[in-house]
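The values are calculated or read from the model by the stated rules, or taken from the named source; none is laboratory data. Every value quoted in this text rests on a predicted model; they were computed, and no experiment measured them. Positions of Cβ are generated from backbone atoms using ideal geometry, with glycine treated the same way; all protein chains shown enter the neighbour counts.
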């Protein structure tokens, strides 16, 4: 009985609920269908988008391929250029090596020129001092000629004290003083010339040492750097050597003139007049005999006592 009642209840529920359930299912199915269609639309849209992305990827791949090809080409160009650079550098080094050597030689020329400048300034000072002494020598020659002429005219060589005229004697005495002054000036000049010769000798020694370097550099520059303007400066420095030779000649000439003064003798000591012989008194022979007798007599008396 119970089973039968339960069955009737279930059947009643099924019959009464069927219209309501059918209506809900339809709506759900419709909604589901719309969802599916929406998703399909999304899939279609994604497919389109993916096609666009694939197109972009293909474009990027093509661009990347082209970029890689371009990079490879640039890389080959780089390797080729690097090889050319190495070859060019080697050629440049071989070709321009003389120019590098010229640069070093030009630096040596500049240093040599700077070291020669003080020597040339010393040369100028020595020449200036030497030419000043030319006036001293000229004045000495004038004074010597004046003294010689007046000495000969007055006859001072034969002057004798006590016999010569006082005026002549005074004039000759003044000539003697003038001559002593000349000798003093000659001694000063000789001392100066000795110092000047030492200075010139030292200068010439240094210039000769620099001259060797100058000739060596000139030879090297003419062989490797004939285009260099420094070669003209070297040739000018070589011409300066003539100035040193010229000054040496001037010094030798003046030295000869000064040495001529050394053996110069003019003044003699004034002679005194010889003394006149004094008259001796006549001897009285008789008186001498008397004196001798007296002396003998005196000696006898002393012995007797």
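Would a scan of the range 107-122 turn up a residue that is more than 30 Å from residue 225 (Cα to Cα) and surrounded by 11 or more Cβ atoms within 10 Å (Cβ to Cβ)? Quick ask: steps written out before the conclusion?
Step one: list which residues in the range 107-122 are more than 30 Å from residue 225 (Cα to Cα), which gives 122.
Applying the additional criterion that residues be surrounded by 11 or more Cβ atoms within 10 Å (Cβ to Cβ) yields 122.
Scanning the range 107-122, I find at least one residue that is more than 30 Å from residue 225 (Cα to Cα) and surrounded by 11 or more Cβ atoms within 10 Å (Cβ to Cβ), so the answer is yes.
One line per residue, one yes/no per condition, for (1) modelled with pLDDT under 90; (2) surrounded by 10 or more Cβ atoms within 10 Å (Cβ to Cβ); (3) assigned to a helix (DSSP H, G or I):
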position: 12; (1), (2), (3): yes, yes, yes
position: 18; (1), (2), (3): yes, yes, yes
position: 22; (1), (2), (3): yes, no, yes
position: 27; (1), (2), (3): yes, no, yes
position: 38; (1), (2), (3): no, yes, yes
position: 45; (1), (2), (3): yes, yes, yes
position: 48; (1), (2), (3): yes, yes, yes
position: 58; (1), (2), (3): yes, yes, yes
position: 76; (1), (2), (3): no, yes, yes
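What is the residue count in the range 211-225 for residues that are surrounded by 16 or more Cβ atoms within 10 Å (Cβ to Cβ) and in a helix (DSSP H, G or I)? First the steps, then the outcome.
Within the range 211-225, the subset surrounded by 16 or more Cβ atoms within 10 Å (Cβ to Cβ) is 211, 214, 217-218, 220-221, 225.
Now restrict to residues that are in a helix (DSSP H, G or I): 211, 214, 217-218, 220-221.
Total meeting the criteria: 6.
Say we look at the range 198-209 and pick out the residues that are touching a helix residue (DSSP H, G or I) at 6+ places or on another chain (Cβ under 8 Å) and surrounded by fewer than 17 Cβ atoms within 10 Å (Cβ to Cβ); which of these is modelled with the highest pLDDT?
Among those residues, the one meeting the criterion is 199.
Does residue 170 qualify as being exposed (fewer than 13 other Cβ atoms within 10 Å of the Cβ), modelled with pLDDT of 90 or more and more than 30 Å from residue 246 (Cα to Cα)? Show your work before the answer.
On the way: exposed (fewer than 13 other Cβ atoms within 10 Å of the Cβ): yes; modelled with pLDDT of 90 or more: no; more than 30 Å from residue 246 (Cα to Cα): yes.
The answer is no for residue 170.
For the range 226-259, give me each residue that is assigned to a helix (DSSP H, G or I), touching a residue at least 24 places away in the same chain (Cβ under 8 Å) and farther than 17 Å from residue 134 by Cβ.
230, 233, 234, 237, 238, 240, 241, 243, 244, listed by residue number.
Output the residue which, of all residues in the range 260-287 that are part of a loop (DSSP other than H, G, I, E, B) and surrounded by 10 or more Cβ atoms within 10 Å (Cβ to Cβ), is modelled with the highest pLDDT.
264
Pairs only if they're at least six apart or on different chains, beta carbon under 7 angstrom, first in the range 209-225 and under 13 Å from residue 106 (Cα atoms), second assigned to a loop (DSSP other than H, G, I, E, B); list them, first residue then second.
Pairs found: 221/228.
Name the single residue, out of those in the range 147-162 being out of contact with any helix residue (DSSP H, G or I) (no Cβ under 8 Å at 6 or more places or on another chain) and surrounded by 12 or more Cβ atoms within 10 Å (Cβ to Cβ), that is farthest from residue 257 (Cα to Cα). Break it down stepwise before answering.
Applying the first criterion (out of contact with any helix residue (DSSP H, G or I) (no Cβ under 8 Å at 6 or more places or on another chain)) to the range 147-162 yields 148-149, 152-153, 158, 160, 162.
Keeping just the survivors that are surrounded by 12 or more Cβ atoms within 10 Å (Cβ to Cβ) gives 148, 160.
Values: 148: 17, 160: 33 Å.
Filtering the range 147-162 for residues that are out of contact with any helix residue (DSSP H, G or I) (no Cβ under 8 Å at 6 or more places or on another chain) and surrounded by 12 or more Cβ atoms within 10 Å (Cβ to Cβ), the one farthest from residue 257 (Cα to Cα) comes out as 160.
Based on what the data block shows, is residue 190 without any contact (Cβ under 8 Å) to a residue 24 or more places away in the chain and under 25 Å from residue 257 (Cβ atoms)? Write out each step before concluding.
Numbers: without any contact (Cβ under 8 Å) to a residue 24 or more places away in the chain: no; under 25 Å from residue 257 (Cβ atoms): yes.
Judged against the criteria, residue 190 is not a match.
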